[in-house]
Amino acid sequence: MDVLVKTVVIGALVFIFWKFVVTLWNYIQLCKKLEKIPQKPSHWLFGHSREVKDSKTYFDYVKDVMKGGSKVYCIWNGPFPLLGVCHPETFQQLNKQEINKARGLTGPYRLIQPWIGEGLLVSGDKKWERNRRLLTPAFHFDILSGYLKVMNDVTDIFLDKLGKGLEQSESMDIFPYVCRSTLDIMLRCSLSYDGSMLENEEHRYIKAVQQLSTLLWHRMTTPLLLFDFIYNLSPVGREHKRLLDVVHEFTADIIATRQKLLKQQPDLTKHKRRLDFLDILLTAKDEHGHGLSQQEIQDEVDTFTFEGHDTTGSAISYAIYALGQYPEIQEQVYQDIQNIAGDVKEISQHELNQFKYLPLFIKEVMRFYSPVPVVSRQNSKQLVLDGKVIPPGMRIDINILAIHHNTDIWKCPEKFDPSRFDREHRDETDIYGFIPFSAGSRNCIGQVFATNEIKITLAKLVKRYIVLPVKDHKPEYQPDVVMRSLNGLPVILKRR
């Protein structure tokens, strides 16, 4: 018996040692392959983690690597490598070879999944295809046109709130106001929510979303916290759990209220003048007659409530800030709006289609400030990017901010110039060179909704106010899940 036990123990130790050697050998081979990818010198254990500590230092690192003309880069988060593309050509190559979301150990979509579940942003393969097909009717032109009145009404309330803010202070940070407005629009349009975020300056949901975004980047750049059991025991992990409870409780209450109403009034959707996103979620059926599960409904609501307000809020906030920074451009925006909608109280689809300079301005805001700075993919097969072999299983960031500021593509990319998007400069704006909503099959399903909202908000604001800059203010960019500013985006508003 002793001989048998010893044999088993020795066999187990030999197996463990063999697995260790094989794993170490594979890791050494991986390191050798990745040496050919442009990167800065790194520590054998800590990698670049002592230099790349957050989202800001991540993008600073990429800028330095790009100075050598690199189209792809490598960062070592401790012993874990991640790659990124920062040129349209490499993004195009990636887009044609790989469409999987980055859900490995270091992948942001694995880390964000406890927050938004497996909604359209995270899900993959057949589940994504099925749910995208079921949800596409929610963004049909007829549905979207029904949202325009809500956007107009909420924008009027938003502008009134700005007016009250002017009575208390000469300047104001525009970002918190805008985020409450975009959340109101999203909740009213997609969920027929009756409450008002604009009336609640300290709403728990908005604060929780912003804190979760920062915690996500903190975790992605801290190697030890990538492991769930360590993160869940840490102080930031416990705070993360508390914030998740806040956001999930908020959206779950909205869903439960609607489901209760549908049980009381089964024919409710048949008599509604306008179906919203939640109506379609609750009633959609696939070709087999199956609808979305309760968890799938929760995941999609969490995804769209976050994506639909925070990203658009960032775009609108930076647009307003840019109006104050560039008075000549603001005047051209104002003239365009006056020419098309000077006497119009409610912006309709007709006006949205007629604006000429306003769309150019919005595109330049989306390029210059890149409200969504980065998205990620993960390759299941070996890839070739810019002539370099990429082993399977890598997290590959599509660095939208870097692509939008790449000197190989854009003339004077650090100059804010809406005219670069007019017809005479179309060659500059190749489909893979301007990707504020990503590109390919996994582009943003809500981009028309968001664009309409941005146009309406800016058109009505510029008709009522002149935007002036706050002297000597320079944003401290924080490119988290969305682009933020650590020191706010203050502006001075003057009534026309």
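Annotations for the structure displayed:
- Ranked His473, His240, criterion: other C-beta atoms within 10 Å, fewest first: His473, His240
- For Leu385, distant residues with modelled amide H under 5 Å away: Ile390
- The range 226-329: trypsin sites (Lys or Arg not before Pro) in DSSP coil with no more than 16 other Cβ atoms inside 10 Å: Lys272, Arg273, Arg274, Lys285
- Rounded Å value of the spacing that divides the Cα centres of the range 330-354 and the range 455-495: 20
- Taking a ≥ b ≥ c as the square roots of the Cα gyration tensor eigenvalues, the range 277-416 comes out oblate, since a/c reaches at least 1.5 and a/b does not exceed b/c.
- Considering only alpha-carbon pairs that sit under 8 angstrom and 6 or more positions apart, the relative contact order computed for the range 41-495 is 25 percent.
- Distance violations [Cα-Cα > 26 Å] among Lys474/Lys494; Lys149/Lys463; Lys71/Lys411; Lys164/Lys260; Lys345/Lys494: Lys164/Lys260
- The tail of the calculated P(r) for the chain, taken as Cα-Cα distances beyond 37 Å, holds 32 percent of the pairs.
- The chain, helix-only ellipticity at 222 nm - DSSP H runs n ≥ 4, -39,500 (n - 2.57), divided by all residues, nearest 500: -18000 deg cm²/dmol
- Multiplying the residue separation of Lys127 and Glu199 by 0.36 nm and removing their Cα-Cα distance gives an extension gain of 22.1 nm.
- The dipole here belongs to the chain: it is taken about the Cα centre, uses +1 on the Cβ of Lys and Arg and -1 on the Cβ of Asp and Glu, and is about 960 debye.
- Positive-end residue, the chain charge dipole about Cα centroid, Cβ charges, pick of Pro176, Ile112, Leu468: Ile112
- Positive-pole candidate from Pro373, Asn452, Ser314, dipole of the range 41-495, charges at beta carbon: Pro373
- When each of Arg484, Arg219, Arg133 is scored by the number of other beta-carbon atoms lying within 10 Å, the sequence from fewest to most is Arg133, Arg219, Arg484.
- Each part reduced to its alpha carbon centroid, the range 276-306 and the range 189-251 end up 22 Å apart.
- Of the complete DSSP H runs in the chain, those spanning 27 angstrom or more by Cα along the long axis with a mean Kyte-Doolittle score not below -1.0 are 2-34, 148-168, 235-264, 294-325.
- Cα lying deepest toward the dipole's positive end in the chain, options Ile492, Gly195, Ile254, charges on Cβ: Ile254
Values in this text are rule-based calculations from the coordinates and carry no lab data. It should be emphasised that the depicted structure is a prediction, and the values quoted were computed from it without experimental measurement. Please note: Cβ atoms are built from the backbone with ideal geometry, for glycine as well, and neighbour counts cover all protein chains shown.
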